[in-house]
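The values are calculated or read from the model by the stated rules, or taken from the named source; none is laboratory data. Since the structure is predicted, the reported quantities are computational estimates derived from the model, not experimental observations. When we count neighbours, we look across all protein chains shown, and the Cβ atoms used for this are built from the backbone with ideal geometry, even at glycine.
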Amino acid sequence: MIVITGATGNVGARLVSILAATGEQVTAVSRRAPATDLPEGVRHVPADLDDPASLKPALDGADALFLLVAGQDPQGILDAARAGGVRRIVLLSSQGAGTRPESYRHPRAFEDAVRESGLEWTVLRPGGFDSNAFAWAEMVRSKRMVAAPFGDVGLPTVDPDDIAEVAAVVLVKDEHAGRTYELTGPEPTNPRERTQVIGDALGTPVTFVEQTRAEARAQMLQFMPEPVVEGTLSILGEPMPAEQRVSPDIEHLLGRPPHSFADWAARNIAAFR
């Protein structure tokens, strides 16, 4: 049995569907019940990663665990996983845990705990998600505009569906134990270009307005801790070469190139109408 935490999220929901379609026994874990029906045969268990004891009903009898960086007690989560019989962990971390560990201390702490757990482990380090563009959806719907900082700085953002497909592969195959995979899109794109892509998919112009760093910081502090805000703004505005590099890992693991931002936008354009 495979346990998926964050099973209602951008990656987790797709991962549950992929695994269920291949006949795997899947337990979906989230704090709240899914808004839509789960695939046939998938069991849902409500639990909170802030409370490792709440995971026990989901983990009993499990072989593998897809783990988000959430909660403050990675050791408690791993102890619960071992007690349930889990032998393999796939951790969804962040590129910043490798490039900027001083800012991304939370995912780095989870990575360290997983690597020292004695379990088989694989770490996935995606860069920015294509789905972060959902933050622009209300602006696009109401004003046909996007406001974002660093309009001409390009990063190879990644489609969450690609992350889910990679996770499905590494959860069921032994040869990925002890590996860390960097997950990116096929090419760097900048906010100005992504705005144009959304406009093209809509069939109507969308205006790009460049925010100052201070404006973006104030907005991001409403939903992100300050160290993560500072690290994220540094990546967005002054990325290191490693953060702009296109990784070969998705193509290596899936046998096809990663999806482009245009692919993601076409699939999700209803959110911007």
Scan segment 82-116 for residues that are within 16 Å of Val170 (Cβ to Cβ) and either modelled with pLDDT under 95 or not charged (D, E, K, R) (or both) and jot them down.
Val86, Ile89, Val90, Leu91, Leu92, Ser93, Val114
Note on Trp121: of the conditions (1) surrounded by fewer than 19 Cβ atoms within 10 Å (Cβ to Cβ); (2) among the aromatic types (Phe, Trp, Tyr); (3) assigned to a strand (DSSP E or B), unmet is (1)
Pairs returned, first residue in segment 63-83 that is closer than 19 Å to Ser94 by Cβ, second residue that is of a type in the set (D, E, K, R) and not in a helix (DSSP H, G or I), beta-carbon separation under 6 angstrom, 6 or more apart or interchain, are Gly71/Asp50
Would you confirm, using the coordinates I've provided, whether Phe134 is within 20 Å of Asp263 (Cα to Cα), surrounded by fewer than 19 Cβ atoms within 10 Å (Cβ to Cβ) and aromatic (Phe, Trp, Tyr)?
yes
Going through Ile77, Ile89 one at a time, which residue ends up being assigned to a strand (DSSP E or B) and either in contact with a His (Cβ under 6 Å, 6 or more places away or on another chain) or closer than 23 Å to Val166 by Cα (or both)?
Ile89
Picked from segment 3-24 (must be in a loop (DSSP other than H, G, I, E, B) and touching a Ser or Thr at 6+ places or on another chain (Cβ under 7 Å)), the residue nearest to Val166 (Cα to Cα) is Asn10
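Does Thr5 qualify as being of a type in the set (S, T, N, Q) and more than 21 Å from His106 (Cβ to Cβ)?
The answer is no for Thr5.
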Tell me, which helices (runs of 4 or more DSSP H) lie completely within segment 190-273 with 1 or more residues that are β-branched (Val, Ile, Thr) and either at pLDDT below 95 or crowded, with 19+ Cβ neighbours inside 10 Å (or both)?
191-202, 226-237, 249-254
Among the residues that make up segment 155-162, is at least one of them part of a loop (DSSP other than H, G, I, E, B) and of a type in the set (Ser, Thr, Tyr)?
yes
If Ala266 satisfies all but one of (1) in contact (Cβ under 8 Å) with a residue 60 or more places away in the chain; (2) farther than 19 Å from Met139 by Cα, what's the number of the condition it fails?
(2)
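One line per residue, one yes/no per condition, for (1) of a type outside the set (Asp, Glu); (2) surrounded by fewer than 19 Cβ atoms within 10 Å (Cβ to Cβ); (3) under 30 Å from Ser247 (Cβ atoms); (4) touching a helix residue (DSSP H, G or I) at 6+ places or on another chain (Cβ under 9 Å):
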position: Thr22; (1), (2), (3), (4): yes, yes, yes, yes
position: Arg32; (1), (2), (3), (4): yes, yes, no, no
position: Ala35; (1), (2), (3), (4): yes, yes, no, no
position: Phe66; (1), (2), (3), (4): yes, no, yes, yes
position: Val86; (1), (2), (3), (4): yes, no, yes, yes
position: Arg100; (1), (2), (3), (4): yes, no, yes, yes
If we scan segment 134-151, do we find a residue that is under 30 Å from Val3 (Cβ atoms), in contact with an Asp or Glu (Cβ under 8 Å, 6 or more places away or on another chain) and either free of Cβ contacts under 8 Å to residues at least 60 places away in the same chain or assigned to a helix (DSSP H, G or I) (or both)?
no
Please indicate, with yes or no, whether at least one residue in segment 134-156 is basic (Lys, Arg), farther than 27 Å from Thr204 by Cβ and modelled with pLDDT of 95 or more.
no
